[in-house]
1. So if R0 is 30 Å, what FRET efficiency would residue 36 and residue 109 give, r being the distance between their Cβ atoms, rounded to the nearest 0.05?
2. Let me have the relative contact order for the chain, percent, based on Cα pairs under 8 Å that are six or more residues apart.
3. Just rank 92, 120, 42, fewest to most, by other beta-carbon atoms within 10 angstrom.
4. I need the Debye-formula profile for the range 43-99: one equal scatterer per C-alpha, no solvent, reported as log10 I(q)/I(0) at q = 0.14, 0.30 1/Å, two decimals.
5. Quote to one decimal, in nm, the extra length available between residue 129 and residue 19 on full extension: 0.36 nm per residue of separation minus the C-alpha distance between them.
6. Given the DSSP H assignment, sum -39500 (n - 2.57) over each helix run of at least 4 residues in the chain and divide by its residue total; what's the result at 222 nm in deg cm²/dmol, nearest 500?
7. For a footprinting-style exposure proxy, rank 74, 102 by other Cβ within 10 Å, fewest first.
8. Compute the acute angle (0 to 90°) between the alpha-carbon long axis of helix 69-81 and the principal axis of greatest extent of the alpha-carbon atoms of the chain; round to the nearest 10°.
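Each reported figure results from applying straightforward, stated rules to the coordinates on display, with no laboratory input. Keep in mind that this is a model prediction, so the values were computed, not measured. Cβ sites come from the backbone with ideal geometry, for glycine too, and all protein chains shown count toward neighbours.
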């Protein structure tokens, strides 16, 4: 490899990383704000017990309040303890981890809007499908 090409690549990478840092910090701050502002008890009041609406509500709430897996498991356990259906909790956890509405603008900027929207829609629908399959699987056991 040519040393000059490697140097130019490193400079481009550093410049790109420097431009991305403010965007990433903004996303992290926004996610942290949502986690602090929205209490865990709010989620238990949102779910209706309806087998059709619960996975959709779970996926919507999880998409908006995106976070890390450990936090979602804790909240999921609390939701189940408060009587929220496994259908809703599964959709919530999958969407919480994979969808991330808050991150969509940054993702669109970095990876392209079309890609970000397609990924968002596929992950959202997958959260609902995984919730239904999880609930169905647990009924069979």
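1. After rounding to 0.05, the efficiency reads 0.75.
2. Numbers: 163 pairs, mean separation 34.5, N = 141.
Relative contact order here is 24 percent.
3. Going from least to most buried by this count: 42, 120, 92.
4. Result of the Debye calculation: -0.27, -1.25.
5. Numbers: separation 110, 0.36 × 110 = 39.60 nm, distance 3.66 nm.
That pair, residue 129 and residue 19, stretches by 35.9 nm at full extension.
6. When only DSSP H runs of four or more count, the value is -27500 deg cm²/dmol.
7. Details: 74 11, 102 20.
Going from least to most buried by this count: 74, 102.
8. Rounded to the nearest ten degrees, it is 10.
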